[in-house]
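Working notes, structure below.
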Amino acid sequence: MVTEEKAIQTNEHHHRQHRRHLGLTTQRTFQFISSLIIPLVLGIFTVVITFHQQKMTREQRLEDLNESRHQRLEDFRESREQRQLEEKTANRSNEFQRQLATDRYRDELLVAYIKDMATLLENSNGSLTADKVTATVARAKTLTVFRQLDAQRNIQIVRFLYEAEQLTEIHKNSSLDLSTAKFRDIDFRDAAINEKQLRQLSLIGIFLSNATFMGIEMEHNNFAHTQFNSVNFLLSHLNNVNFSSTSFDNANFSFTQMDTVNFAFATLKNINFSSSKLKNVNFSNSLLFNCNFSSSFLSHIEFSSARLDSVKFISTKLHDANFFMAPLLNTNLSLAQLNSIESSPSEFVHADFSFALLFNVTFSHSTLIDVKFVSAELDKVSFSNVGLRNADFLYAILGNVYNSFISFFA
């Protein structure tokens with residue numbers, strides 16, 4: 001019994017020592033592992049911090065590079081703009097200096113010309129056309145200086161010659177010949193008296209482009225054989241003005257008053273005569289294309305042997321007009337009032353008289369093709385010996401219409 005108890009006690013003692021040994025071993029293991037983990041964590045943290053710092057450094061460097069690049073671009077742009085501004089300023093300055101030099105040169109030419117003409121006038125008893133030599137010299141000098149001066153100074157020369165009575169046909173002396181002279185952007189109000197009156201001005205055979213006569217009272221003026229391109233006669237008054245054998249392209253005669261004006265043998269294209277008053281105006285043997293007489297009053301008008309194409313007389317009052325031998329093509333006379341009109345013989349092709357009032361109108365011996373008289377009122381109208389094709393009288397009122405020997409043809 002005693003032996004067994006000792007054996008048991010001895011075993012328990014060994015077990016306790018073994019457990020104590022195992023506990024010490026585990027504790028040392030944990031201590032060892034802990035001693036390894038802490039440096040490892042610190043190392044990993046250090047690496048992470050290092051990578052983060054490197055990343056931040058790279059980003060900062062890229063940002064610095066971008067800012068530097070942007071600054072260089074901004075500096076380059078500012079430098080370029082500054083150079084451009086300096087170049088523009090220099091160019092403006094150079095242009096200003098050139099313009100000053102040009103103006104001085106032109107002023108000197110103008111003064112020298114006036115002095116030369118004054119000398120010629122003094123030596124020729126006040127007339128540049130008194131003899132052929134003086135007239136030739138004056139013409140040559142004038143045309144030469146016109147080509148070198150601008151519009152503002154050219155009109156000063158015109159006014160000088162006009163006031164010196166060298167562009168008028170009075171005192172038995174002819175006007176100075178300025179034919180072939182070319183004027184652009186001329187405002188004749190600068191030559192007119194009080195910017196309103198031009199009388200007895202003679203400019204024959206010249207070229208006028210973009211010229212203005214707006215609101216001027218013109219009397220006894222001669223522009224025969226002149227070429228007009230883009231001219232403005234708005235609100236002007238023309239009395240005894242000669243436009244014979246002229247050429248007009250794009251002209252404004254709206255709201256004008258004309259009395260005894262001659263357009264014979266003229267070529268008139270793209271002309272606006274609307275809302276005007278014309279009396280004793282001669283268009284004989286002229287060519288009128290795309291002209292507008294709408295809402296105008298025309299009295300004692302001569303269109304004999306003229307040719308009218310695409311001309312408008314809409315709502316026009318036309319009294320005592322002669323269209324003898326004048327073909328009218330694509331002409332619109334709708335709502336017009338025609339009184340005492342002679343068109344025998346003539347030719348009307350694509351003419352529109354719709355809603356017009358015709359009184360004492362003669363179409364005798366004329367040819368009417370594709371003509372409309374829709375809702376028109378005709379009284380004392382003669383169609384004797386007329387050739388008709390495609391004439392439309394729908395709703396027309398016919399009173400005292402003479403229609404003997406009318407020929408209808410296809």
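Every read-out reported here was derived from the displayed coordinates using simple, explicitly stated rules and does not represent laboratory data. Note that the structure is a prediction, hence the values are computed from the model and not measured. All Cβ positions, glycine included, derive from the backbone under ideal geometry; neighbour counts span all protein chains shown.
Quick look at the values:
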read-out	value
Whole-Å semi-axes of the ellipsoid equivalent to the chain (Cα gyration tensor, √5λ, descending)	103, 44, 14
Burial order of peptide ranges 65-75, 369-379 (average beta-carbon count within 10 Å, highest first)	369-379, 65-75
Å³ per residue enclosed by the Cα convex hull of segment 224-267	56
Reach of LYS55 by Cα under 13 Å, taken over aspartates and glutamates that are not fewer than 8 positions away in the same chain	GLU63
Unit charges on C-beta of K, R, D, E only; dipole of segment 293-410, Debye	60
Most mobile listed residue (THR134, THR267, THR89) in the chain, GNM with C-alpha springs under 10 Å	THR89
Alpha carbon centroid spacing (whole Å) that separates segment 66-118 from segment 352-381	67
Computed lengthening from THR180 to ASN403, 0.36 nm per intervening residue step minus Cα-Cα distance	75.0 nm
Entries in LYS269/LYS380; LYS277/LYS372; LYS196/LYS279; LYS132/LYS269; LYS132/LYS279 that, when Cα-Cα distance is taken, lie over 30 Å	LYS269/LYS380; LYS132/LYS269; LYS132/LYS279
MRE, 222 nm, helices only [DSSP H, n ≥ 4, -39500 (n - 2.57), over the chain, to nearest 500]	-14000 deg cm²/dmol
Area projected by the alpha carbon convex hull of segment 293-410, averaged over all directions, nm²	5.8
Ratio of Rg to Rh over segment 35-130 (Cα coordinates, Kirkwood Rh, two decimals)	1.86
Simple Cβ-charge dipole of the chain, Lys/Arg +1 and Asp/Glu -1, about Cα centre, in debye nearest 20	1660
Within segment 200-316: Cβ-based charge dipole about Cα centre, in debye rounded to nearest 20 (Lys, Arg +1; Asp, Glu -1)	200
